[in-house]
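Below: the structure, in structure tokens.
The values are calculated or read from the model by the stated rules, or taken from the named source; none is laboratory data. All of these numbers come straight from a predicted model, not from anything done at the bench. Cβ placement follows ideal geometry from the backbone for every residue including glycine, while neighbour counts extend to all protein chains displayed.
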Amino acid sequence: MKFGVVVFPGSNCDHDAYNVIAEVARQPVVFLWHDSEDLQGVDAVLVPGGFAYGDYLRTGAIARFSPVMQAVKRFAAGGGLVLGICNGFQILTESGLLPGALMRNAGLKYICKQVHLRVETTDSPFTNQLKKGAVLQIPIGHMEGNYFCEPEELGRLESEDRIAFRYATPASKITREANPNGSLSNIAGILNEGRNVLGMMPHPDRSSEALLGSADGWGIFESMIGAMEKTSR
């Protein structure tokens, strides 16, 4: 199986994502340049964190028009796995691959710290190796992580089991205090209708090795690899 990591002008977590796949997962991985529609035959795409095109206008607003994202949209429509992390999540919402939008943090400040997430579903290629209700420690680093969608869309996300992660306390409680950015319903990550696209604000790429303070993010990549192995049999 082969992974691709998208690189935009302003990406700053592309090498973090690449390192997890190459050095931890020990899987083939290539960089995918923003102005090319060639996905090089990859089986999964990672849209990493950073400040794509400087986050001018608003986060992800320019990146959505890039040639590579046109290819990623076709790839996702065909069932390919796409994981958007932080700025990648913002780009996926702007591109229409995920519903809703990411707004400025409630406190209007950039936040960089460890947070706790509760696993809300294991019914996805990204969470199948995790345990429902388990609490993961994963860092965040963002200014616009405040997820919002209309009430009807939130109802669909909940009824279709498409909320992947919620901000929680270490004891698994969903509380206002555990929510670092004001995100609607404590949402930290969501799935598309086909369950093959995941966007999340926290960084599993920065928490897949114990050396970094937590290896809890590894379960997401492990789940992706397991899902791809199943479909390739």
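Details
- Any hit, region 124-134, residues being farther than 17 Å from D205 by Cα, among the hydrophobic types (A, V, I, L, M, F, W, C) and in contact with a strand residue (DSSP E or B) (Cβ under 6 Å, 6 or more places away or on another chain): yes
- Any hit, region 199-208, residues being assigned to a strand (DSSP E or B) and within 12 Å of the chain's Cα centre (by Cα): yes
- Output for region 104-134, where each listed residue is of a type in the set (A, V, I, L, M, F, W, C) and either surrounded by 17 or more Cβ atoms within 10 Å (Cβ to Cβ) or farther than 30 Å from E229 by Cβ (or both): A106, L108, I111, C112, V115, L117, V119, F126, L130
- Among the residues listed as S95, S183, the single one being buried (at least 19 other Cβ atoms within 10 Å of the Cβ), within 24 Å of V45 (Cα to Cα), among the small types (G, A, S) and free of Cβ contacts under 8 Å to residues at least 40 places away in the same chain: S95
- Selection within region 41-72 - surrounded by 15 or more Cβ atoms within 10 Å (Cβ to Cβ), in a loop (DSSP other than H, G, I, E, B) and not β-branched (V, I, T): D43, P48, G49, F51, G60, A61, S66
- Residue within region 196-208 that is in contact with a Gly (Cβ under 9 Å, 6 or more places away or on another chain) and of a type in the set (D, E) present: yes
- Pairs meeting the criteria (first residue in region 213-225 and among the β-branched types (V, I, T), second residue surrounded by fewer than 24 Cβ atoms within 10 Å (Cβ to Cβ) and modelled with pLDDT of 95 or more, beta carbons under 8 Å, at least 6 apart or on different chains) are I220/L130; I225/A25; I225/Q27.
- The number of residues in region 147-165 that are part of a strand (DSSP E or B) and out of contact with any helix residue (DSSP H, G or I) (no Cβ under 8 Å at 6 or more places or on another chain) comes to 2.
- Exclusive hit being in contact (Cβ under 8 Å) with a residue 60 or more places away in the chain and out of contact with any strand residue (DSSP E or B) (no Cβ under 7 Å at 6 or more places or on another chain), set R74, R64, R58, R26: R58
- Annotation note: of E144, E177, the sole residue that is surrounded by fewer than 23 Cβ atoms within 10 Å (Cβ to Cβ), touching a residue at least 60 places away in the same chain (Cβ under 8 Å) and assigned to a loop (DSSP other than H, G, I, E, B) is E144.
- Within region 129-137, one or more residues are among the aliphatic types (A, V, I, L, M), within 15 Å of the chain's Cα centre (by Cα) and not in a loop (DSSP other than H, G, I, E, B).
- Output for region 73-118, where each listed residue is of a type in the set (V, I, T) and part of a strand (DSSP E or B): V82, I85, I111, V115
- Among residues of region 52-105, those that are at pLDDT below 95 and of a type in the set (F, W, Y), counted: 2
- Restricting the first member to region 189-211 and to residues that are among the charged types (D, E, K, R), and the second to residues that are surrounded by 24 or more Cβ atoms within 10 Å (Cβ to Cβ) and outside any loop (DSSP other than H, G, I, E, B), the beta-carbon pairs closer than 7 Å and six or more apart or on different chains are D205/A17; D205/V20; D205/I85.
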